[in-house]
Amino acid sequence: MNIEVLSPEMVAKLSQDPHVTSIGVREKVLEVAIGREVRAFRKQKEITVAELASMTGLSIGMLSKIENGNTSPSLSTLQTLADALSVPLTSFFRRFEELRMAVHTKAGEGVELEREGTRAGHQYNLLGHIGSNSSGVIVEPYLITLSEQSDVFPMFQHGGIETIYMLEGKVDYRHGDEVFSLVPGDTLFFDADAPHGPEVLVDLPARYLSIISYPQSIA
């Protein structure tokens with residue numbers, strides 16, 4: 001089994017900046033959304049960029065910039081493209097206008113439930129849920145509480161990736177052939193297809209966040 005320790009070199013490989021605050025971000029997102037739609041409709045009708053340029057009078061370079069989200073086309077240009085592709089002008093904005101959800105769960109208001117495979121005494125509180133979405137990923141965040149009445153069960157298996165963040169207590173947590181001693185502040189990030197779960201409840205009560213993510217197709 002390969003055990004990796006998070007390092008600055010690994011973090012440097014991450015391409016997304018979660019703190020980016022450029023003023024032009026929203027405008028750029030709109031340009032990209034329009035470009036994707038133009039390209040999708042063009043390919044759907046099996047029209048090349050050169051053919052679309054001939055139909056609209058726009059240059060190949062301009063069409064390339066539009067499809068790649070590198071320019072902000074005027075309404076008249078979009079209307080010309082809509083006419084050439086035989087689609088409504090508003091169809092270019094459909095992805096930009098998709099609903100983006102956020103779920104705010106107040107302290108103590110998580111939905112207590114029994115997940116498939118839940119063991120006796122394992123309290124699961126679902127902290128939020130967004131179903132089908134444009135990311136293609138389902139994420140299930142749980143607050144798990146273990147008490148004196150909780151069973152140990154190191155054999156959970158399910159699809160996806162799981163992240164555990166220890167909040168309280170101490171648990172020896174098994175993943176495959178390895179056992180990790182988790183104390184408050186510790187994180188365990190792993191492939192959830194391997195057998196895993198609490199093997200020894202060292203200091204109770206124990207509480208930890210469990211965040212499970214998997215492709216929508218598995219749901």
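Odds and ends about this structure:
- Contact order relative to length of segment 111-215, as percent, for alpha carbon pairs under 8 angstrom and 6 or more apart: 32
- Accessible surface of segment 30-97, 1.4 Å probe, proportion on carbon and sulfur as whole %: 50
- Backbone N atoms of segment 173-211 closer than 19 Å to the 7 Å Cα→Cβ label point of Glu148 belong to residues 200-207.
- Within the assembled protein chains, the solvent-accessible surface assigned to Ser74 is about 50 Å², based on a 1.4 Å probe.
- Average accessible area per residue (Å²) across segment 111-215 - probe 1.4 Å, nucleic acids and ligands excluded: 50
- Ranked from largest to smallest solvent-accessible area, with a 1.4 Å probe on the protein heavy atoms, Arg36, Arg174, Arg42, Arg94 come out as Arg36, Arg94, Arg174, Arg42.
- Inverse mean reciprocal Cα-Cα distance (Kirkwood Rh) of segment 111-215, Å: 13.9
- Å² of accessible area per residue within segment 30-97, as computed with a 1.4 Å probe and no ligands counted: 55
- Area of Thr187 that stays accessible when all protein chains are in place (1.4 Å probe, Å², to 10): 80
- With R₀ set to 25 Å, the beta-carbon distance separating Val200 from Ile161 gives a calculated FRET efficiency near 0.55.
The values are calculated or read from the model by the stated rules, or taken from the named source; none is laboratory data. Just so it is clear, the model here is predicted, and its values are computed rather than measured. No Cβ is skipped: glycine too gets one built from the backbone with ideal geometry, and neighbour counts run over all protein chains shown. SASA here: full protein model, heavy atoms, side chains in, ligands and nucleic acids out. Shrake-Rupley method; radii C 1.70, N 1.55, O 1.52, S 1.80 Å.
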